[in-house]
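> Take a look at this one; I'll ask things after.
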Protein chains: 2
Amino acid sequence: MEKLYIIKIGGNIIDDEEKLSFFLQDFAKLKEKKILVHGGGKLATQMADKMNIPQQMIQGRRITDSETLRIVTMVYAGYINKNIVAQLQSFNCNALGLTGADGNAIQGHKRTHSTIDYGFVGDIEFVNIDLLQQFLMQNISIVFAPIIHDKAGLLLNTNADTIAQEIGKALSNSFETSIIYTFEKKGVLMDANNEDSVIEIIDINTYNILKEKEVIFEGMIPKLENAFTALTGGVKKVIIGKAEKLSELISGTAGTQIIND
Amino acid sequence: MEKLYIIKIGGNIIDDEEKLSFFLQDFAKLKEKKILVHGGGKLATQMADKMNIPQQMIQGRRITDSETLRIVTMVYAGYINKNIVAQLQSFNCNALGLTGADGNAIQGHKRTHSTIDYGFVGDIEFVNIDLLQQFLMQNISIVFAPIIHDKAGLLLNTNADTIAQEIGKALSNSFETSIIYTFEKKGVLMDANNEDSVIEIIDINTYNILKEKEVIFEGMIPKLENAFTALTGGVKKVIIGKAEKLSELISGTAGTQIIND
């Protein structure tokens, strides 16, 4: 099977113009099929502040009300997505930006919860495999903004890590799929205060031990749970590390590899 | 040859939620291949006001400075484009939104002028016929935001009427192409104050006479020049009228038809 890389970048790269440009040059150089999934960044919050739209928080989670959804749609699907696409085109990577609504690429429903109303947040039901395959076979690199739709006219804010995972699972029958989750650290660390304590490989047994010993904690837990879900769903390899080291992450000389056995 | 309709809508429809929804239902019902090109609307100006970004005007023309480009990218390519796509999907029209940067759909260059700096405004050089044909053959209806790119990383604001014209010319060898320019009036009027004085058909001779007699003046002149350029470039038919009457415009029972002989 042909190789496919699904690479997720977050705010730490998106908010830094120079870092983003270097990352996109590295991404453009990848010869294999590739999909980029981007999150948001500070711009959406800055916009909301400038427009005096208060950010609602319930139990520590940001709520996507209708005004926030409007800003998120503008910033993620408009500004960030189209600037990434235009830059990739300048590096001779034939990129094309999508939300889940475009070509019905990713369909889902508004999240329901017995006590919390998360607002316009979507859970994924369906990935349009045919559409994504057609793009990839034409050597088009898809750039996903973290917005899906419900096929009833609603756009919905969705976590970019989850989008990468769901796309990865959906395409794993057609491609030898790797997911690369990039973030601000070099990988999963044995010691959170020591950037050089990257754990090279984590399987499910190691994960359970590290979680029990609280070496892995807080934000790292959902990231790794996400990785194991992807692997169980057919994804071949998940790699976690710094976006600045993209080629090393792919060659296995940097970052943490999450494996299934 | 198969028929293709390229339909342009402007601010008078985009700014009216109910009218937009009715229009999109009519658009979704069209059985033929179809492309929608949308302009902006009041939202971009409202956003600029809210964020205290002054609108620069030179000789009566709005200048797209870098802050304005940012807003235009957010509002046109993000908010308006994705809401139109999501609505069309809900009406079972498989829509997919593009700027010129996506898949290198429309490439151009920053406008140069000996005395006026228009800022980030683009003139079209190239339409990616293969890409658009592939979408149309998959029964995907493209929704274009009025933004192109220069293949060197710059996004550029571009007139939606011109985008419709250039796409029309580019696709006229592959499809029997009609362009429908919608605006706030029923068509080209003999008497600007009488909405029922629609001129049914205008050819180039009639146009020259009507222009000389100043029946056609001001904003109508560039619209009609645009129409004749499209016809000379191979477009079969150009129709001008109200978006609310889409099916009548297409069947020839409303609006003004511009023809080449």
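The numbers here are math on the coordinates, done by the rules we state, and not lab data. The shown structure was predicted, so the numbers you read here are calculated from the model rather than taken from an experiment. Don't worry about glycine lacking a Cβ; one is built from the backbone with ideal geometry, like all the others, and counts go over all protein chains shown.
> Report the Stokes-Einstein translational diffusion coefficient (µm² s⁻¹, integer) for segment B:86-202, Rh taken as the Kirkwood radius over Cα pairs, at 25 °C with viscosity 0.890 mPa s. Before the final figure, lay out each step's value.
Working: Rh = 16.3 Å.
My calculation gives 151 µm²/s for D.
> Can you tally the net charge around residue A:126? Count Lys and Arg as +1, Asp and Glu as -1, for every other residue whose Cβ sits under 13 Å from the Cβ of residue A:126. It would help to have the intermediate numbers written out before the result.
Values: positive: A:151, A:169; negative: A:123, A:125, A:130, A:150, A:166.
The answer is -3.
> Test of understanding: what is the full-extension gain from residue A:200 to residue A:92, defined as 0.36 nm times their sequence separation minus their Cα-Cα distance? If you can, show how the numbers build up before the last one.
Details: separation 108, 0.36 × 108 = 38.88 nm, distance 3.28 nm.
Net length gain for the segment: 35.6 nm.
> Which distances, shortest first and in nm, link residue A:22 to the matching position in the other copies, using label points set 7 Å out along Cα to C-beta?
Sorted ascending, the copy-to-copy spacings read 5.6 nm.
> Still on this structure, please answer the following. Counting other Cβ atoms within 10 Å, which trypsin sites (Lys or Arg not before Pro) in segment B:26-56 have at most 15 and lie in a DSSP loop? Intermediate values should be presented prior to the final figure.
Values: sites: B:29, B:31, B:33, B:34, B:42, B:50; in loops: B:31.
Filter output for segment B:26-56: B:31.
> Would you calculate a helix-derived [θ] at 222 nm for chain B, using -39,500 (n - 2.57) for each DSSP H run of n ≥ 4 and dividing by the full residue count, to the nearest 500? Mind dumping the intermediate values first?
Details: 10 runs with 92 residues, N = 261.
The per-residue figure over chain B is -10000 deg cm²/dmol.
> Write down Rg/Rh for segment A:3-258, rounded to two decimals, with Rg from the C-alpha atoms and Rh from the Kirkwood relation over Cα pairs. Mind showing how you got there, number by number?
Values: Rg = 17.7 Å, Rh = 18.7 Å.
Computed over Cα atoms, the ratio is 0.95.
> Give the average, rounded to an integer, of partner chain Cβ atoms located within 10 angstrom of each Cβ in B:70-76.
On the way: counts 5, 4, 2, 9, 12, 5, 3.
Shielding by partners across B:70-76 averages 6.
> Which residue, chosen from A:40, A:222, A:96, occupies the Cα position most advanced towards the positive end of the dipole of segment A:3-258, where the dipole is computed from +1 (Lys, Arg) and -1 (Asp, Glu) charges on Cβ about the Cα centre?
Highest projection toward the positive end goes to A:96.
> Working from the pairwise distances between different alpha carbons, so that the mean of 1/r is found and then inverted, what is the protein assembly as shown's Kirkwood radius in Å?
Working: mean 1/r = 0.0413 Å⁻¹.
One decimal place: 24.2 Å for the Kirkwood radius.
> Going 7 Å from Cα along the Cα-Cβ axis for the label, what nanometre distances separate residue B:56 from the same residue across the other copies?
Values, ascending and in nm: 3.9.
> Using the structure shown, list the pairs from A:169/A:213; A:186/A:211; B:50/B:223; B:213/B:242; B:185/B:236; B:110/B:169 with a Cα-Cα distance above 28 Å, or answer none. Don't jump to the answer; show the numbers that get you there.
Numbers: A:169/A:213 30 Å; A:186/A:211 19 Å; B:50/B:223 32 Å; B:213/B:242 25 Å; B:185/B:236 23 Å; B:110/B:169 21 Å.
Distance filter (> 28 Å) returns A:169/A:213; B:50/B:223.
> May I pose another question? Place a +1 charge on the Cβ of each Lys and Arg in the protein assembly as shown and a -1 charge on the Cβ of each Asp and Glu, then give the dipole magnitude about the Cα centre in debye, rounded to the nearest 20. Display every interim value, and only then the final one.
Values: 52 positive and 64 negative charges, 69 e Å.
Its charge dipole is roughly 340 debye.
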